[in-house]
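The values are calculated or read from the model by the stated rules, or taken from the named source; none is laboratory data. Everything numeric in this text was worked out from a predicted model, so none of it was measured. Here the Cβ positions follow ideal geometry from the backbone for every residue, glycine too, while neighbour counts run over all protein chains shown.
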Amino acid sequence: MAARGLDGLLVYTDVWRSGQVRYLTNFIPYWNQGVLLFPREGEPVLAAGLSARVYPWIRETSTVTTIVSGPSLGQEVATQVKKLSWRHVGVGERDTMPHGILNALAEGLPDCELVDATDVLDGLRSEVDEAGLALYRKATEIATQGFAEVSADLPGKTGWQAASLLERALRRRAATDTVILLAPHAQDWPAYPGDKTMTSGGVALVAVEYKGHWVEIGRPLANGNPAVRAEYARAVEMLRPAASLQSLRNEIGRGGSLRDPTFIVSATHRSFPFTQLDSLAGLPRGTVIALHLSGTDQKGARWWWGDPLLVEEGRARPLLPERER
């Protein structure tokens, strides 16, 4: 922050985007929202949309001691920035912060410079968070085991019924929250469940949150082609921070088992589940991402596979060993 001339950071958090603030303070805003004021020096301040009756719980379960609230979260944050005499303020993941809060900040802080500081926020993750990784692994186990329990029962069900079966299996394994996208037929792209009947050529994309930590998996309803699974493993080996996804697509499509391969990479500590990234460039070591690979196999069937990966120095590797996936 000092190198950028920033007095502090504003970091938004809600049940969908709790990863950054959880990392900084261990606070998770179940079914609500907040903004963390993280200073260059001194103790952080949490502006929360929660009532004062839960302040003792926040202090017991996080490192935050100063908590404030008001009728307008954005206005309250602006008030706290003025009290702290901040003039140059970094906003973590500014493009995903709710517009109502951003507008209140712009109106309430006309003399402040508000700049995107996502790179600074990522840079604070200078070490691998072992406690966080344990929770990511637990979320991955919930997702993979929950899907495996009901996958054989999904063909023949409507999208709504299939999502209900998946949701039940995931919640019984202690999932905090879920997002489920389904492709009923091989030619469909995964979307929110509807009344179409699922077929054996369908696909499920499952995002699971466990205690503020989101992971994503992608699975075909059929067992899948082992040769195509090998293509996914090859893609993981070739995935490098400096490599473009287009070059990866070209390499996998050249003489491999998939035609027209498509990659989706998302960083689940940022933004919403299934939000695509352009590359791994700039992601700190220890970040958990998801790599999804989709394409058409030699028999013309759509195939999909996705797993959480851990970003390491110059590479990424699966978060769980093969036998557990």
Checklist outcome for this item: Of the residues in the range 101-126, those that are of a type in the set (D, E, K, R) and either in contact with a His (Cβ under 8 Å, 6 or more places away or on another chain) or assigned to a loop (DSSP other than H, G, I, E, B) (or both) come to 111, 113, 125
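Given the criteria closer than 21 Å to residue 308 by Cβ and of a type in the set (Lys, Arg), does residue 137 qualify? Spell out the reasoning first.
On the way: closer than 21 Å to residue 308 by Cβ: yes; of a type in the set (Lys, Arg): yes.
In short, yes.
Go through the range 136-157 and count every residue that is in a loop (DSSP other than H, G, I, E, B) and either outside the structural domain of residue 218 (by TED's automatic domain parsing) or farther than 12 Å from residue 204 by Cα (or both). First the steps, then the outcome.
The initial filter retains those residues of the range 136-157 that are in a loop (DSSP other than H, G, I, E, B), namely 154-157.
Checking the rest, the ones that are also either outside the structural domain of residue 218 (by TED's automatic domain parsing) or farther than 12 Å from residue 204 by Cα (or both) come to 156-157.
Residues meeting the conditions: 2.
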Item to check | Any hit, the range 224-238, residues being surrounded by fewer than 24 Cβ atoms within 10 Å (Cβ to Cβ), in a loop (DSSP other than H, G, I, E, B), in contact (Cβ under 8 Å) with a residue 12 or more places away in the chain and at positive phi | outcome: yes
Checklist entry - Just a yes or no: is a residue in the range 270-288 in the same structural domain as residue 142 (by TED's automatic domain parsing), surrounded by 14 or more Cβ atoms within 10 Å (Cβ to Cβ), not in a loop (DSSP other than H, G, I, E, B) and not aromatic (Phe, Trp, Tyr)? => result yes
Next on the checklist: What's the total number of residues in the range 242-275 that are at pLDDT below 80 and within 22 Å of residue 213 (Cβ to Cβ)?
Outcome noted: 9
Next on the checklist: The conditions are (1) surrounded by fewer than 16 Cβ atoms within 10 Å (Cβ to Cβ); (2) more than 28 Å from the chain's Cα centre (by Cα), and residue 60 fails exactly one of them. Which is it?
Outcome noted: (2)
